[in-house]
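**Student:** Quick one: this structure, given as C-alpha cells, is what I'll be asking you about.
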Amino acid sequence: MTWAKLRDKLGRAVSILRGVLAKYLPPPIKRPLSRFGKAVLRFLSRKQIKIDSETVRLTIETNPDRIPVIVFAPSLDWNVQLFQRPQQLALALARQGALVFYIQPKRDPQAPIVQEMLPGLFLCNISIHAFEVLEQPFVYLLTWNGGYACEFKSPRVIYDYVDDINVFYGNQEVIARNHVKMIQSADLVLVTARKLYDGIAPDRPDAVYCPNGVEYDHFAISRNGHRHSPPEDLLPIIEMGKPIIGYYGALARWFDYDLLKQVAGLRKSYSFVLIGPDYDGSIRTSGIEAIENIRWLGVKTYQELPAYLQYFDAAIIPFLLSDITHAVSPLKLFEYMAGGKPIVATPMRESAQYDDVLFAINPVDFSQQIDTALSLGRDPEYLSRIDRLAQGNTWDARALTILDEINARTTPENVKN
C-alpha cells in the first residue's frame, strides 16, 4: 500500500472517530479530543496542504487585477441536484471582477485540484487549510457552515442569512449558536427576506437586503425566440392538449400538497407538473402521485429546467404559510418571470411585495387565480412587466450590491500574501 493510500485511510478513520466522539462525549472532554483529531488530520495531509497552498498562491498571482478575493467555504457540492444561491453568487461575483474560490465539501481525488469554471471562478478540490496563505480573506459563510470561520487567518466574514434557522437539519443548538455569533461578528451580513432583516435589525441595522435572483438569459431563452424540443417525459402531457400548470424546486414539508390535490380536483381539465427532488420523503406520503392530473417528473438539472419551463402555461408556488415560508425568497420566482410565465402563489410575505404575482390561500381561490394567470399569459403588457422585474433582479445585480458593500465597509483591496 502506498503512503498516499495509507494516509487517506488513516484520515478517514480519524474523521469517523471524531464524529463518534462528538456525538457521545461531554463538551469538556470532546473539545480537546476534537482539537487533537484536527491536528492528526493536518499532520497526515501536510504535504498535500503545501501543494494546495502553492496552487492557491499561484492562482492569485496570475489574476492580479481581480479583487476582492472571496473564498466560499464548503457548503453545497457544485453539482448538487438543485443549483442554488451559493453557486449563483460565486458565478456572478466572478463575472463582476472578483476572484472566487469555491471549495467542494468533499474532496474528489479524481478531479483537478483547482478547476477554472469561468474567468475568475475556481472550483477547488483542496483542503480548507490551503487558504492559510491568505491574510484576512473574505469568506462567504452560511448558517450551517459557520464553524469554518476558525479555519481561516483573520477572515473577513460575509454571512449570508438565507432562511429561518429552524429549516436546517442538524443540531439546532449548534446552528443557533453559530448564527448568533456570525450576526454579532460578521463584517457583512446579507439577508434574503424582509422578515429575516426585521429579526436581526436591532443587532445589525447595517445588514443588507439581498434576495435571490435569476440568471436571466438562461431562463429567457424561449421568449427570445429559441425553442427547446419537448422533453421526452413531458411530451405525453403536452400531447393531451391541456394547459400545463408547473412547479419546480424542492418538494418538502413546506409544500402544500393538500392544497394542490384539491386544486387539481377542481381543475381536472388542467395538467399539473411537479419537478424536483423528494427532499424529505414527504411526496411519497402525500398521496399526490395518486391524483390523475398531477405528474411528478423527478429531478432535472439546472441546464434542463428552461426546456420544461418553456411548456408551462402558468407556474405555481403553493407553500404552506409559516414563519419558515414567510422568510423564504423563492429562488424560482424571478426564473418563472424570466421565462414569461404568470405565477400563482400562496401569500408568503417575501413574494407578496410583487403586484404581478397572483395570490390565494384556499383551493377555490387558487383555482380561480390559475384561470386568471392563463389569461395573463396572453397579455403583452403583463408579460412585459414581469420581464422588466426579472431583468432588474439578476444575480449580477446581487453581486454588484455585495461588492459595493464590501468596498464601502473595508479597504478596497484584499491582502494577498
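**Student:** It is to be established whether one or more residues within the stretch 238-245 are under 20 Å from the mean Cα position of the chain (by Cα) and in a loop (DSSP other than H, G, I, E, B). Before you say what the answer is, go through the steps one by one.
**Tutor:** Kept after step one, since they are under 20 Å from the mean Cα position of the chain (by Cα), are these residues of the stretch 238-245: none.
No, that holds for no residue.
**Student:** Take the residues of the stretch 172-216 that are among the basic types (Lys, Arg) and surrounded by fewer than 16 Cβ atoms within 10 Å (Cβ to Cβ): which is nearest to Tyr159 (Cα to Cα)? I'd like the intermediate steps shown before the answer.
**Tutor:** So in the stretch 172-216, the residues among the basic types (Lys, Arg) come out as 177, 181, 194-195, 204.
Adding the requirement that they be surrounded by fewer than 16 Cβ atoms within 10 Å (Cβ to Cβ) leaves 177, 181.
On the way: Arg177: 14, Lys181: 10 Å.
This residue is Lys181.
**Student:** Sticking with this one: Any residue at all in the stretch 323-333 that is closer than 16 Å to Val263 by Cβ, of a type in the set (D, E, K, R) and in contact (Cβ under 8 Å) with a residue 24 or more places away in the chain? Before the answer, list the steps.
**Tutor:** Applying the first criterion (closer than 16 Å to Val263 by Cβ) to the stretch 323-333 yields none.
Looking for residues that are closer than 16 Å to Val263 by Cβ, of a type in the set (D, E, K, R) and in contact (Cβ under 8 Å) with a residue 24 or more places away in the chain, one finds none in the stretch 323-333, hence no.
**Student:** Determine which member of the set Gly170, Gly213, Gly147 is under 20 Å from the mean Cα position of the chain (by Cα) and at positive phi. Give the steps one after another, and end with the answer.
**Tutor:** On the way: Gly213 fails: at positive phi; Gly147 fails: at positive phi.
On inspection, the qualifying residue turns out to be Gly170.
**Student:** What's the total number of residues in the stretch 317-350 that are among the polar types (S, T, N, Q) and buried (at least 22 other Cβ atoms within 10 Å of the Cβ)?
**Tutor:** Narrowing the stretch 317-350 to residues among the polar types (S, T, N, Q): 322, 325, 329, 346.
Next cut, buried (at least 22 other Cβ atoms within 10 Å of the Cβ) only: 325, 329.
Here the count works out to 2.
**Student:** Within the group Asp206, Asp164, Asp256, which residue is at negative phi, charged (D, E, K, R) and touching a helix residue (DSSP H, G or I) at 6+ places or on another chain (Cβ under 6 Å)?
**Tutor:** Working: Asp206 fails: touching a helix residue (DSSP H, G or I) at 6+ places or on another chain (Cβ under 6 Å); Asp256 fails: touching a helix residue (DSSP H, G or I) at 6+ places or on another chain (Cβ under 6 Å).
Exactly one residue qualifies, and that residue is Asp164.
**Student:** Suppose we filter the stretch 389-408 for residues that are out of contact with any helix residue (DSSP H, G or I) (no Cβ under 9 Å at 6 or more places or on another chain) and among the hydroxyl-bearing types (Ser, Thr, Tyr); how many remain?
**Tutor:** Summing the residues that are out of contact with any helix residue (DSSP H, G or I) (no Cβ under 9 Å at 6 or more places or on another chain) and among the hydroxyl-bearing types (Ser, Thr, Tyr) in the stretch 389-408 gives 1.
**Student:** Identify, by number, the condition in (1) surrounded by 12 or more Cβ atoms within 10 Å (Cβ to Cβ); (2) in the same structural domain as Pro68 (by TED's automatic domain parsing); (3) farther than 30 Å from Val133 by Cβ; (4) in contact with a helix residue (DSSP H, G or I) (Cβ under 8 Å, 6 or more places away or on another chain) that Tyr148 doesn't meet.
**Tutor:** (3)
**Student:** Could you tell me whether the stretch 293-313 includes any residue that is outside the structural domain of Trp78 (by TED's automatic domain parsing), more than 25 Å from the chain's Cα centre (by Cα), hydroxyl-bearing (Ser, Thr, Tyr) and not in a loop (DSSP other than H, G, I, E, B)?
**Tutor:** There is no residue in the stretch 293-313 that is outside the structural domain of Trp78 (by TED's automatic domain parsing), more than 25 Å from the chain's Cα centre (by Cα), hydroxyl-bearing (Ser, Thr, Tyr) and not in a loop (DSSP other than H, G, I, E, B).
**Student:** Run down Tyr159, Tyr102 and say which single residue is aromatic (Phe, Trp, Tyr) and farther than 29 Å from Leu321 by Cα. Can you show your working first?
**Tutor:** Numbers: Tyr159 fails: farther than 29 Å from Leu321 by Cα.
Only one candidate passes the filter, namely Tyr102.
**Student:** Working carefully through the options Ser154, Ser127, Ser75, find the one that is outside the structural domain of Pro277 (by TED's automatic domain parsing), surrounded by fewer than 20 Cβ atoms within 10 Å (Cβ to Cβ) and polar (S, T, N, Q). Show your work before the answer.
**Tutor:** On the way: Ser127 fails: surrounded by fewer than 20 Cβ atoms within 10 Å (Cβ to Cβ); Ser75 fails: surrounded by fewer than 20 Cβ atoms within 10 Å (Cβ to Cβ).
Step by step, each of Ser154, Ser127, Ser75 is checked, and only Ser154 is outside the structural domain of Pro277 (by TED's automatic domain parsing), surrounded by fewer than 20 Cβ atoms within 10 Å (Cβ to Cβ) and polar (S, T, N, Q).
**Student:** Could I ask something else about it? Which of the residues belonging to the stretch 261-291 are under 25 Å from Phe168 (Cα atoms) and part of a helix (DSSP H, G or I)?
**Tutor:** Result: Ser282, Ile283, Arg284, Thr285, Ser286, Ile288.
**Student:** Does the stretch 211-228 contain any residue that is more than 24 Å from Phe83 (Cα to Cα) and among the small types (Gly, Ala, Ser)?
**Tutor:** Taking the stretch 211-228 first, the residues more than 24 Å from Phe83 (Cα to Cα) are 225.
Add one more test, that the residue is among the small types (Gly, Ala, Ser), and what stays is 225.
Scanning the stretch 211-228, I find at least one residue that is more than 24 Å from Phe83 (Cα to Cα) and among the small types (Gly, Ala, Ser), so the answer is yes.
**Student:** Suppose we keep only residues that are surrounded by 18 or more Cβ atoms within 10 Å (Cβ to Cβ) and at pLDDT below 95 within the stretch 253-277. Which one would you say is farthest from Ala314 (Cα to Cα)?
**Tutor:** Among them, the one singled out is Trp254.
**Student:** Output the qualifying pairs, or none if there are none: Cβ atoms under 8 angstrom, residues six or more apart or on different chains, first residue in the stretch 290-306 and surrounded by 14 or more Cβ atoms within 10 Å (Cβ to Cβ), second residue among the aromatic types (Phe, Trp, Tyr) and assigned to a strand (DSSP E or B).
**Tutor:** Ile291/Phe272; Asn293/Phe272; Ile294/Phe272; Arg295/Phe272; Lys300/Tyr248; Leu305/Tyr248
**Student:** Conditions: (1) in the same structural domain as Pro277 (by TED's automatic domain parsing); (2) modelled with pLDDT of 95 or more; (3) over 22 Å from Phe319 (Cβ atoms); (4) surrounded by 14 or more Cβ atoms within 10 Å (Cβ to Cβ). Ile221 meets all but one. Number of the miss?
**Tutor:** In the conditions (1) in the same structural domain as Pro277 (by TED's automatic domain parsing); (2) modelled with pLDDT of 95 or more; (3) over 22 Å from Phe319 (Cβ atoms); (4) surrounded by 14 or more Cβ atoms within 10 Å (Cβ to Cβ), Ile221 misses (2) alone.
**Student:** Next up: Restricting the search to the stretch 198-225, which residues are aromatic (Phe, Trp, Tyr) and farther than 22 Å from Thr410 by Cα?
**Tutor:** Step one: list which residues in the stretch 198-225 are aromatic (Phe, Trp, Tyr), which gives 209, 216, 219.
Tyr216, Phe219, listed by residue number.
**Student:** Continuing with this model, one more query. Of the residues that make up the stretch 203-220, is at least one in a helix (DSSP H, G or I), more than 30 Å from Ala176 (Cβ to Cβ) and touching a Gly at 6+ places or on another chain (Cβ under 9 Å)? Show your work before the answer.
**Tutor:** Step one: list which residues in the stretch 203-220 are in a helix (DSSP H, G or I), which gives 216-219.
Those still in the list that are more than 30 Å from Ala176 (Cβ to Cβ) too: 216-219.
So of that shortlist, the ones also touching a Gly at 6+ places or on another chain (Cβ under 9 Å) come out as 219.
Yes, the stretch 203-220 contains at least one residue that is in a helix (DSSP H, G or I), more than 30 Å from Ala176 (Cβ to Cβ) and touching a Gly at 6+ places or on another chain (Cβ under 9 Å).
**Student:** With respect to Leu376, determine if the residue is farther than 26 Å from Pro318 by Cβ and either at pLDDT below 95 or not β-branched (Val, Ile, Thr) (or both). Write out each step before concluding.
**Tutor:** Details: farther than 26 Å from Pro318 by Cβ: no; either at pLDDT below 95 or not β-branched (Val, Ile, Thr) (or both): yes.
It is false that Leu376 is farther than 26 Å from Pro318 by Cβ and either at pLDDT below 95 or not β-branched (Val, Ile, Thr) (or both).
**Student:** Which ranges mark the helices (runs of 4 or more DSSP H) fully within the stretch 326-417 that have 2 or more residues being basic (Lys, Arg)? Give the steps one after another, and end with the answer.
**Tutor:** Values: elements: 333-338, 363-376, 380-391, 395-409.
Ranges flagged: 380-391, 395-409.
The values are calculated or read from the model by the stated rules, or taken from the named source; none is laboratory data. Remember, predicted model here, so these are calculated numbers, not experimental data. A quick note on method: Cβ atoms are made from the backbone with ideal geometry, for glycine too, and the neighbour counts reach across all protein chains shown.
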